[in-house]
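The next block holds one structure in the form of structure tokens; read it before the comments.
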């Protein structure tokens, strides 16, 4: 396989199995995905993405078949780019035969880009971190 063909295969595979927070926000608004928070209850309670389903990785094999429709497009997330919890959760869904992607950046980048965060106190939005997203609200067009 040539270098160009290998690069095309590599990046095509990444796009097939990874997504970013902006795309997840769009997909959640249209209900095109089921978003899975794979973190602990304590982490979930600290804050999570509004509309996500709390399903810790250790419970996916037993709970997913009865709680997540088999034809759902699943996206997993965990804390952030320094954590591979979303990867492990995505692997568990893949083993069960689900169509699944991992959300790059995790909960950290969701919050840093100013998307809604839910806690027991309600829904809030953090100020956009200009190192992660355009501060003026205009899409990065990437």
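Within the range 71-84, if we keep just the residues that are surrounded by fewer than 22 Cβ atoms within 10 Å (Cβ to Cβ) and touching a helix residue (DSSP H, G or I) at 6+ places or on another chain (Cβ under 9 Å), the residue that is nearest to residue 48 (Cα to Cα) turns out to be 79. Looking at the structure I just gave you, is residue 48 within 23 Å of residue 17 (Cβ to Cβ) and surrounded by 13 or more Cβ atoms within 10 Å (Cβ to Cβ)? Here the answer is yes, as residue 48 does meet what is asked. Give the residues of the range 20-45 that are exposed (fewer than 14 other Cβ atoms within 10 Å of the Cβ) and at pLDDT below 95, sorted by residue number. Passing the criteria: 26, 29, 30, 31, 32. Scanning the range 97-138 for residues that are over 23 Å from residue 41 (Cα atoms), surrounded by fewer than 16 Cβ atoms within 10 Å (Cβ to Cβ) and out of contact with any helix residue (DSSP H, G or I) (no Cβ under 6 Å at 6 or more places or on another chain) yields 97, 99, 127, 130, 131, 134, 135, 136, 137, 138.
What do you reckon, is residue 3 over 26 Å from residue 135 (Cα atoms) and modelled with pLDDT under 95? Yes, satisfied.
The residues in the range 8-47 that are outside any helix (DSSP H, G or I) and within 17 Å of residue 104 (Cβ to Cβ) can be counted, and the count is 9. The set of residues from the range 75-122 being assigned to a helix (DSSP H, G or I) and on the phi > 0 side of the Ramachandran plot comprises just one member, 106. Taking the numbered list (1) closer than 17 Å to residue 37 by Cβ; (2) without any contact (Cβ under 8 Å) to a residue 12 or more places away in the chain; (3) exposed (fewer than 15 other Cβ atoms within 10 Å of the Cβ) in turn, residue 66 passes all entries but (1).
The values are calculated or read from the model by the stated rules, or taken from the named source; none is laboratory data. Everything numeric here is computed off the predicted structure, so don't read it as measured data. A quick note on method: Cβ atoms are made from the backbone with ideal geometry, for glycine too, and the neighbour counts reach across all protein chains shown.
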